[in-house]
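Beneath this line is the structure, given in structure tokens, with notes to follow.
The values are calculated or read from the model by the stated rules, or taken from the named source; none is laboratory data. These numbers were taken from a predicted model, which means no experiment stands behind them. Glycine also receives a Cβ, built like all others from the backbone with ideal geometry; neighbour counts cover every protein chain displayed. These area figures cover heavy atoms from the full protein model, side chains too; ligands, DNA and RNA do not enter into them. Shrake-Rupley method; radii C 1.70, N 1.55, O 1.52, S 1.80 Å.
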Amino acid sequence: MPRFFVLNGPNLNLLGKREPGIYGGHTLADIEALCVEAGARLGFTVDFRQTNHEGTLVDWMHEAQDAADGIAINAGAYTHTSIALHDAARAIRVPVVELHLSNVHAREAFRHHSYLAPAAKGVICGFGAQSYLLALQALQSLTQSAE
Ligand code: DQA
């Protein structure tokens, strides 16, 4: 059974309380439960993590190289600032899908650029908690087409 890392960056631990008009009312624990449930239904396991630290995200991406079949990542604001995440995604062979709860292109100009996107297989944004499930489905179909 494929194993996917779902990695979450800064401030996402505050979901539910943080700007619910933009990010919705789900907590990160709610979203983890939705991801785990989707895995049980569709046939993959989920290792779901959150950190506020850029280097920890880099470490987890390296770990995924041997421990996972793909990465779905909501890097939060590091999406728009981190060359280190770009380099990490390029350095590993497992596919990376970038995701966001909000439609970053309908928001402030500084959210329109992603350092990660050019190194990712694709980007999903704007569907709230559903963005996580869509990213996992994308990883699953990438894994199946690689078989
Ligand atoms: C976000 C969008 C980012 O611009 C922002 O910095 C976040 C959350 C999202 O999921 O919509 O922290 O990644």
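Annotations for the structure displayed:
- Some residue of segment 125-132 being among the hydroxyl-bearing types (S, T, Y), within 12 Å of the ligand (Cβ to nearest atom), farther than 22 Å from R3 by Cα and open to solvent by less than 30 Å² (accessible area, probe 1.4 Å): no
- All positions within segment 32-46 that are closer than 21 Å to G16 by Cα, touching a residue at least 40 places away in the same chain (Cβ under 8 Å) and of a type outside the set (A, V, I, L, M, F, W, C): none
- Annotation: F110 fulfils all but one of (1) loosely packed, with under 15 Cβ neighbours inside 10 Å; (2) within 16 Å of the ligand (Cβ to nearest atom); (3) under 16 Å from P10 (Cα atoms); the unmet one is (3).
- Listed by first and then second residue, the pairs with beta-carbon distance under 9 Å, at least 6 apart or on different chains, first residue in segment 99-125 and aromatic (F, W, Y), second more than 10 Å from the ligand (Cβ to nearest atom), are Y115/S82; Y115/I83; Y115/A84; Y115/L85; Y115/H86.
Residues checked against (1) out of contact with any Lys or Arg (no Cβ under 9 Å at 6 or more places or on another chain); (2) more than 22 Å from G24 (Cβ to Cβ):
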| residue | (1), (2) |
| --- | --- |
| A67 | no, yes |
| I73 | yes, no |
| P95 | no, yes |
| L101 | yes, no |
| G128 | yes, no |
| L134 | yes, no |
| Q140 | yes, yes |
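- Test result for S141, more than 21 Å from A77 (Cα to Cα), open to solvent by 20 Å² or more (accessible area, probe 1.4 Å) and modelled with pLDDT of 95 or more: yes
- Exactly one residue out of F48, F44 is farther than 20 Å from A119 by Cα and under 14 Å from the mean Cα position of the chain (by Cα), and it is F48.
- Residue that is closer than 16 Å to N8 by Cβ, surrounded by fewer than 14 Cβ atoms within 10 Å (Cβ to Cβ) and either out of contact with any helix residue (DSSP H, G or I) (no Cβ under 9 Å at 6 or more places or on another chain) or not aliphatic (A, V, I, L, M) (or both), where the choices are G76, G55, G70: G55
- Pairs, first more than 16 Å from H62 (Cβ to Cβ) in segment 1-12, second within 12 Å of the ligand (Cβ to nearest atom) and not hydrophobic (A, V, I, L, M, F, W, C), C-beta under 6 Å, six or more apart: N8/Q50; N8/N74; P10/N52; P10/G76; N11/G76; L12/Q50; L12/G76
- Enumeration of residues in segment 69-82 that are assigned to a helix (DSSP H, G or I) and either of a type in the set (A, V, I, L, M, F, W, C) or more than 16 Å from the ligand (Cβ to nearest atom) (or both): A77
- Positions within segment 16-31 being of a type outside the set (S, T, N, Q), farther than 25 Å from D69 by Cβ and without any contact (Cβ under 8 Å) to a residue 40 or more places away in the chain, in sequence order: G16, K17, R18, E19, P20, G21, G25
- Counting only residues that are of a type in the set (F, W, Y) and part of a helix (DSSP H, G or I), segment 33-68 holds 1 of them.
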